[in-house]
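In what follows, a single structure is set out as structure tokens and then discussed.
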Amino acid sequence: HARVSMPGAMPTPFSAPVGKLALVMIDFQRDFMEEKGFAASLGNDVSRLLPAVEPARRLLAAFRQHGLTIVHTLECHAPDLSDLHESKRQRCSRIAQVDCPARGRILIRGEPGNAIVPALTPQPGELIVHKPGKGSFYATGLHERLQALGITHLVFAGVTTEVCVQTSMREANDRGYECVLVTDATESYFPQFKRATIEMIVAQNGIVGWTADTAEVVAALD
Ligand code: TIU
């Protein structure tokens, strides 16, 4: 079987059997990237996430070009809030409220604000995962869907680095996936948290996995 190789990955070179590699795009949704969405309701400067969009678009194009598996996740809750824990409701009190009529109810599945930003819109055939938590594996069935496809290696992009991306990568690592975080295709509202996340992933001989930049991943696929 052909392998894709990322010799410049940290802390050591990374490689994967080409058909077993998937791209996981975490929560590139308007709720986190635009004014008057969920993240803004928590007091965040949403413009800080925008630099991740263009690298993520290049990753998406490369995975599509090679016909590889692509997963898009969305943090959201059912309209009746049946999947919203009381603990989260209390600390994120704007969930299901409307701060911008054009965007609809904050962090609710199917609302305009819950859509992925236009540059990264999913195409038919790509997997969509609606997740009530920060991690992509809690209460989603994602592990079973990836197992059914024979996926063993994951490339992560998305927002925010230390919240949903890192949680998902740790969940994946504990389930036996070999994981790479793409350092320029992820962003945080807190630059120091992004830096710390990258450092803690690769420390201790890659305790959570690997990191690489978009150029490294795209070159590996070519
Ligand atoms: N607040 C924050 O940084 N992130 C989230 O609430 N969710 C995701 O990271 N997607």
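Per-structure values
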quantity: Odd one out for Asp31, checked against (1) acidic (Asp, Glu); (2) in a helix (DSSP H, G or I); (3) free of Cβ contacts under 8 Å to residues at least 40 places away in the same chain; calculated: (3)
quantity: Residue pairs meeting the criteria (Cβ under 9 Å; at least 6 apart or on separate chains; first on the phi > 0 side of the Ramachandran plot, in the range 128-149; second surrounded by 16 or more Cβ atoms within 10 Å (Cβ to Cβ)); calculated: Ala139/Lys131; Ala139/Pro132; Ala139/Gly133; Gly141/Val129
quantity: Count of residues meeting criterion [over 23 Å from Ile95 (Cβ atoms) and either among the polar types (S, T, N, Q) or at pLDDT below 95 (or both)] in the range 112-150; calculated: 3
quantity: Single unsatisfied condition, Tyr177 versus (1) closer than 22 Å to Asp45 by Cβ; (2) touching a Leu at 6+ places or on another chain (Cβ under 9 Å); (3) without any contact (Cβ under 8 Å) to a residue 40 or more places away in the chain; calculated: (1)
quantity: Matching residues in the range 211-220 - criterion: being assigned to a helix (DSSP H, G or I) and buried (at least 17 other Cβ atoms within 10 Å of the Cβ); calculated: Thr214, Glu216, Val217, Val218, Ala220
quantity: Positions within the range 42-70 being surrounded by 19 or more Cβ atoms within 10 Å (Cβ to Cβ) and within 14 Å of the ligand (Cβ to nearest atom), in sequence order; calculated: Val46, Leu49, Ala52, Ala56
quantity: Qualifying positions in the range 1-16 - β-branched (Val, Ile, Thr) and surrounded by fewer than 18 Cβ atoms within 10 Å (Cβ to Cβ); calculated: Thr12
quantity: Of all residues making up the range 71-105, the number that are within 16 Å of the ligand (Cβ to nearest atom), among the aliphatic types (A, V, I, L, M) and over 29 Å from Val155 (Cβ atoms); calculated: 3
quantity: Filter pass, Tyr138 being hydroxyl-bearing (Ser, Thr, Tyr), out of contact with any Cys (no Cβ under 7 Å at 6 or more places or on another chain) and within 12 Å of the ligand (Cβ to nearest atom); calculated: no
quantity: Of all residues making up the range 17-41, the number that are surrounded by fewer than 21 Cβ atoms within 10 Å (Cβ to Cβ) and either within 16 Å of Thr186 (Cα to Cα) or in contact with a Lys or Arg (Cβ under 8 Å, 6 or more places away or on another chain) (or both); calculated: 5
quantity: Enumeration of residues in the range 152-210 that are within 13 Å of the ligand (Cβ to nearest atom), outside any helix (DSSP H, G or I) and crowded, with 20+ Cβ neighbours inside 10 Å; calculated: Phe156, Ala157, Gly158, Val159, Thr160, Thr186, Glu187, Ser188, Tyr189
quantity: Residue in the range 39-58 that is without any contact (Cβ under 8 Å) to a residue 24 or more places away in the chain and more than 24 Å from Gly150 (Cβ to Cβ) present; calculated: yes
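The values are calculated or read from the model by the stated rules, or taken from the named source; none is laboratory data. Owing to the predicted nature of the structure, the values given are computational and were not obtained by experimental measurement. Here Cβ is always computed from backbone atoms with ideal geometry, including for glycine, and neighbour counts include all displayed protein chains.
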